[in-house]
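Working notes, beginning with the structure itself.
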Protein chains: 2
Amino acid sequence: MAEPLTSTEMAGWRAYIESSQRLMTQLEDDLRADSGLTFADYHVLVLLSEAPGRRLRMGELASRLVFSPSRLTYQIGSMEKRGLVARESCPEDRRGSEAVLTAEGLRTLREAAPHHLRSVRAHFVDDLDEAEIAVLTRVFTRLGERLRASRSGVTQ
Amino acid sequence: MAEPLTSTEMAGWRAYIESSQRLMTQLEDDLRADSGLTFADYHVLVLLSEAPGRRLRMGELASRLVFSPSRLTYQIGSMEKRGLVARESCPEDRRGSEAVLTAEGLRTLREAAPHHLRSVRAHFVDDLDEAEIAVLTRVFTRLGERLRASRSGVTQ
DNA sequence: TAGCTCTATTTCAGATTTGAACCAACCGCC
DNA sequence: GGCGGTTGGTTCAAATCTGAAATAGAGCTA
């Protein structure tokens, strides 16, 4: 308890933080160069393309993207201007609205995906062997579940 | 090559991205609540506190933080206003400047560190066993080296 | 040493992100 | 039906971040 993190733990923690930052920067640069998209743009396109009806409620989208509500409002507004998504108000709940993928958005995603995935492979996945991927998957899946659970109970 | 990422790889990649986002959000929230600091603020304080003379050239600091030059200029300006660091011009190279940790900055770091480290432990490290930490450390250390190397050669 | 090129950092304008209000619509419940 | 207490989203002002100039000094070579 005197030392909240052992030096081994600290080393792992720091490597994780720094490398994650570098990885993101690299992927964002590639994505911008190849497709003129932001990582957030891309992620929105992916989630919408997988959703039934290619549409998702704002709240649902925000929680999957781990975005604050106001950030999502802005993000969708920006993508709407570029014609990648449309905003429709929700029939069941008139407070709500949903983001819908446009044909243009789908086309953009299909064009961007192979480049982006190649970039993810080149900068990250290819560096890992099978066992490492398995560990990462296990660790981060578990972590995600824990964090999702712990935050939903903290309204304060 | 038809499928740039296998479904196993994709699952790992997505879990990593989403959980990392969640983790950062959680840590930032804790840090703000406990100490009124940003993750970036904290990181700057740590790096400066470990540097010889508790000072670092802007460029060096930017590269370790993985910040763009202009972002670092802004970040240090903001911390300067709050009295956490001072900016001094560099004697050997008059183009350069260095950020120096102030006594106030050191005090702030010492006050914040235990809380923050407890938070890192609670939300991340405690969830991992020794073998997992070892894998993460190995993977992300290697990744960091690769990324550092590959980007330094891309001036275009 | 003048001229060139390169490097370190800042400046600038615009885009994004933040947290704190705010607004409307939903949900019991009287 | 109407009143309080949530909930889903948006708005707003302020803070931060970005990439593309602009500055200024270093360093080499003629």
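The values are calculated or read from the model by the stated rules, or taken from the named source; none is laboratory data. Keep in mind it's a predicted model, so treat the numbers as computed, not measured. Cβ placement follows ideal geometry from the backbone for every residue including glycine, while neighbour counts extend to all protein chains displayed. With ligands, DNA and RNA removed, areas are computed over all heavy atoms of the protein, side chains included. Shrake-Rupley method; radii C 1.70, N 1.55, O 1.52, S 1.80 Å.
So the values come out like this:
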{"quantity": "3J(HN,Hα) from dihedral phi, the stretch B:36-44, Karplus parametrisation 6.51/-1.76/1.60, rounded to Hz, x for glycine, proline", "calculated": "x, 10, 8, 4, 4, 3, 4, 5, 4"}
{"quantity": "Chain A, accessible surface, carbon-and-sulfur percent (1.4 angstrom probe)", "calculated": "51"}
{"quantity": "Estimated [θ] at 222 nm from DSSP helical runs (n ≥ 4, -39500 (n - 2.57)) normalised by residues in the protein assembly as shown, nearest 500", "calculated": "-23000 deg cm²/dmol"}
{"quantity": "Magnitude of the charge dipole, the stretch B:1-153, Cβ model with Lys/Arg +1 and Asp/Glu -1, debye to 20", "calculated": "660"}
{"quantity": "Nm distances between copies for residue A:53, ranked from closest, using label points 7 Å along Cα→Cβ", "calculated": "6.4"}
{"quantity": "Percent of Cα-Cα distances greater than 18 Å, calculated over the stretch A:84-156", "calculated": "70"}
{"quantity": "Simple label model, 7 Å out from Cα along Cβ direction - residue A:68 to residue B:33, nm", "calculated": "1.6"}
{"quantity": "Between the stretch A:9-85 and the stretch B:27-54, the Cα center-to-center distance that results, in Å", "calculated": "26"}
{"quantity": "Protein accessible surface hidden between B and A, which excludes ligands and nucleic acids, total in Å², probe 1.4 Å", "calculated": "5800"}
{"quantity": "Rotational relation B to A, axis-closest Cβ in chain B, residue and distance rounded to whole Å", "calculated": "B:135, 2"}
{"quantity": "As computed over chain A, the Cα convex hull volume per residue (Å³)", "calculated": "161"}
{"quantity": "Cα-projected label distance for residue A:103 with residue B:107, points at 7 Å along beta-carbon direction, nm", "calculated": "6.6"}
{"quantity": "Lys/Arg +1, Asp/Glu -1 at C-beta; the stretch B:36-112 dipole; positive extreme among B:45, B:74, B:96", "calculated": "B:74"}
{"quantity": "Difference of contour (0.36 nm per residue) and Cα-Cα distance, residue B:148 to residue B:50", "calculated": "33.2 nm"}
{"quantity": "Heavy-atom surface of chain A, accessible at 1.4 Å and reported per residue (Å²)", "calculated": "53"}
